[in-house]
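Take a look at the structure below.
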Amino acid sequence: PQLRAFGTNSNSPPQTKKKNNDTSSFFANLRWKAAEVLTSSLEGSQKEQLLENLNAVPKQKLEQHDAKEEEELVAKSIGEAVAAARAEEAQLSQSKWEREKATIMKQAEEAAMARVENELRIQERRLALEKWQQELESETKHQEDAEGVTITAEAEIVNGSDTAEIVVEEPPQPTDHHHHHHHHPVLGPVLVDLGHKRIHIVSASALAAIPIWKKQRIYRHERAKVMATDKLKTVGLGLPGIIALHEDAKGELSILDGQHRVGMMTILEELLSPPNEEEEGTPRNNHHNSYFDLNRILVEVFPFSEETTFTAQDIFTEINKAEPVKLVDMPGVASKTHRTLITNTAAKLSEAYPDMFKPSQNCRAPHVNIDNLRDALFASDVLKRHSIKSQKALMQWMMDQNEALKVQFETTPPPHASKTAYAKALKYNFFLGLESSWLYK
């Protein structure tokens, strides 16, 4: 039998949208069950707020959701996404699914439980802070009232009134929340507070329980698996980079950048665990390599601030403006001779056709980005295939390809370019940006 919650009724993989909705509904129901266990002592309104924050929905209500509401349930934590991906992979084989079903279901339940526990800690922190603010406001009002009484009494004494003993009660002292401010219930102590962001050291398992920002690109488990395999070859390098989180006005966290690295670490936690890992209390990871401790991952948190108008989307956009290093520029990949030849020729071509080159790597046809062109020339192995050894020879080869495209498009317009794009290519006599097949001729 197949697990209905993960959206598979046969050995063929389901459509992506249906699959997303089914897995999201499954985890929404799991979160609801976990929340029912963990929130039995909460007041009704607090419990409802927690369930709303978690998108936790009982199974009987899931069937009442329309497609739009289903989409709202899609934001899973990395732990939940990994469990869902493993289930979908296992269900492609009946025997594998029967063999691994119990383990996968246990992982899914643990991921949902961790997600709920995180949210509960955050809610408790928020309620404590709200209580502290109320106490602070009450104290301030009490002090103002006390000061008013003192001023009135002093005025009466100055005016010759009878002297009376003035007794001013000590105002109530609010609970010290310095600890709450500098120690996050999920992320732990604040390493550095820069104002616009905080730095924490967090375990990979804690990160796996944090949901992915709802507008993030889809988590792809295959990519995380490849990253984990590659990382096993370079464990001694540690984990370069930093995981970026957003904290909204309610204190809820989401992963803005690094979801696949967190997925990779979730996989590595299992791969690097000792055989007796199942025993309770056995520490993870530290036995393997002191340079790569999955309990100490560098994390930056961008908190909501009323002083600015910047949103999670603004921060996400800012982070992703950075352009990745091209293959041709990776150390040890391209020879210095080939890199220099390609770079100089691409620069010369951009100088010859300045109107057809754009700074953005996401530019549209018929335009070309110089770094994309450099990388494409290297990846297509043009220099070796055509025995090109000089800048002049590479430039001539590209001009020959440009002329061949011009002739080809005179009879058959480019199929994947708009009329406007082709018109501009004709105007400037530059056709290399209309398509890429010329690189392999």
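(1) touching a Phe, Trp or Tyr at 6+ places or on another chain (Cβ under 8 Å); (2) surrounded by 18 or more Cβ atoms within 10 Å (Cβ to Cβ); (3) farther than 30 Å from residue 253 by Cα: which one isn't true of residue 312, the others all being true?
So residue 312 meets the others, but not (3).
Whether any residue in region 350-363 is closer than 24 Å to residue 321 by Cβ, out of contact with any Cys (no Cβ under 9 Å at 6 or more places or on another chain), crowded, with 17+ Cβ neighbours inside 10 Å and at pLDDT 95 or above is what I want to check.
Yes, region 350-363 contains a residue that is closer than 24 Å to residue 321 by Cβ, out of contact with any Cys (no Cβ under 9 Å at 6 or more places or on another chain), crowded, with 17+ Cβ neighbours inside 10 Å and at pLDDT 95 or above.
Could you list, in sequence order, all residues of region 350-376 that are more than 32 Å from the chain's Cα centre (by Cα) and under 23 Å from residue 336 (Cβ atoms)?
Passing the criteria: 350, 351.
Which of the residues belonging to region 294-306 are touching a Ser or Thr at 6+ places or on another chain (Cβ under 9 Å) and in a loop (DSSP other than H, G, I, E, B)? Full working, then the answer.
So in region 294-306, the residues touching a Ser or Thr at 6+ places or on another chain (Cβ under 9 Å) come out as 294-297, 304.
Of everything in region 294-306, those that are touching a Ser or Thr at 6+ places or on another chain (Cβ under 9 Å) and in a loop (DSSP other than H, G, I, E, B) turn out to be 294, 295, 296, 304.
Considering 124, 89, 119, which residue is touching a helix residue (DSSP H, G or I) at 6+ places or on another chain (Cβ under 6 Å) and acidic (Asp, Glu)? So that I can check it myself, show each step before the final result.
Numbers: 124 fails: touching a helix residue (DSSP H, G or I) at 6+ places or on another chain (Cβ under 6 Å); 89 fails: touching a helix residue (DSSP H, G or I) at 6+ places or on another chain (Cβ under 6 Å).
Of the residues listed, the single one that is touching a helix residue (DSSP H, G or I) at 6+ places or on another chain (Cβ under 6 Å) and acidic (Asp, Glu) is 119.
In the set 85, 102, which member is open to solvent by 70 Å² or more (accessible area, probe 1.4 Å), in a helix (DSSP H, G or I), out of contact with any strand residue (DSSP E or B) (no Cβ under 8 Å at 6 or more places or on another chain) and at pLDDT 85 or above?
Selected residue: 102, the only one of 85, 102 that is open to solvent by 70 Å² or more (accessible area, probe 1.4 Å), in a helix (DSSP H, G or I), out of contact with any strand residue (DSSP E or B) (no Cβ under 8 Å at 6 or more places or on another chain) and at pLDDT 85 or above.
Could you grab me the full set of residues in region 198-256 that are β-branched (Val, Ile, Thr), closer than 21 Å to residue 293 by Cβ and either outside any loop (DSSP other than H, G, I, E, B) or open to solvent by 10 Å² or more (accessible area, probe 1.4 Å) (or both)?
Of everything in region 198-256, those that are β-branched (Val, Ile, Thr), closer than 21 Å to residue 293 by Cβ and either outside any loop (DSSP other than H, G, I, E, B) or open to solvent by 10 Å² or more (accessible area, probe 1.4 Å) (or both) turn out to be 199, 201, 202, 229, 234, 235, 242, 243, 255.
The values are calculated or read from the model by the stated rules, or taken from the named source; none is laboratory data. Since this is a predicted model, take the numbers as computed values, not measurements. Glycine gets a Cβ as well: all are built from the backbone with ideal geometry, and neighbour counts include every protein chain shown. The accessibility values were calculated without ligands, DNA or RNA, using every heavy atom of the protein model including side chains. Shrake-Rupley method; radii C 1.70, N 1.55, O 1.52, S 1.80 Å.
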